[in-house]
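Working notes, beginning with the structure itself.
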Amino acid sequence: MNHEKIDERLKNNFSKAQRYGYRVVMGMIFLTVILSARFTGNYKMTLMVQTTVICLGIAVTFILVPMLTYYFDKATFTNKK
């Protein structure tokens, strides 16, 4: 995909992949914040868990968005043929 010319189809698929990737990560972060606030009494442990989940979420997003873009682009391209 690096050598492919960017067109409207690729932009739409990238935008769709970003929406899905960010939803997954925001869901992970939201659940972690809610659950760690309810079940953890140790303040340092809560901050460590939240920081770890946020870092993992960002890493997952950087991996998930290109994979989903490829998946959506491949599906769109094969449907047009």
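What follows draws every value from the coordinates through simple rules; no lab data is involved. What you see is a predicted model; the values in this text were computed from it and never measured. As a convention, Cβ positions derive from the backbone with ideal geometry for all residues, glycine included, and neighbour counts pool all protein chains shown.
Restricting attention to region 47-58, and to residues there that are within 11 Å of the chain's Cα centre (by Cα) and not β-branched (Val, Ile, Thr), which single residue is nearest to Arg19 (Cα to Cα)?
Gly57
What single numbered condition from (1) under 20 Å from the mean Cα position of the chain (by Cα); (2) in contact (Cβ under 8 Å) with a residue 60 or more places away in the chain fails to hold for Thr76?
Of (1) under 20 Å from the mean Cα position of the chain (by Cα); (2) in contact (Cβ under 8 Å) with a residue 60 or more places away in the chain, only one is false for Thr76: (1).
Table: residues versus (1) in a loop (DSSP other than H, G, I, E, B); (2) within 14 Å of the chain's Cα centre (by Cα).
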residue: Ser15; (1), (2): no, yes
residue: Val33; (1), (2): no, no
residue: Ser36; (1), (2): no, no
residue: Gly41; (1), (2): yes, no
residue: Met45; (1), (2): no, no
residue: Val60; (1), (2): no, yes
residue: Val65; (1), (2): no, yes
residue: Thr69; (1), (2): no, yes
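Considering only region 12-31, I want to know if a residue exists there that is touching an Asp or Glu at 6+ places or on another chain (Cβ under 7 Å) and either surrounded by 12 or more Cβ atoms within 10 Å (Cβ to Cβ) or not hydroxyl-bearing (Ser, Thr, Tyr) (or both).
Checked region 12-31: at least one residue is touching an Asp or Glu at 6+ places or on another chain (Cβ under 7 Å) and either surrounded by 12 or more Cβ atoms within 10 Å (Cβ to Cβ) or not hydroxyl-bearing (Ser, Thr, Tyr) (or both).
With the requirement that a residue be touching a residue at least 24 places away in the same chain (Cβ under 8 Å) and within 19 Å of the chain's Cα centre (by Cα), what does region 1-11 give you?
Within region 1-11, just Leu10 meets the criteria.
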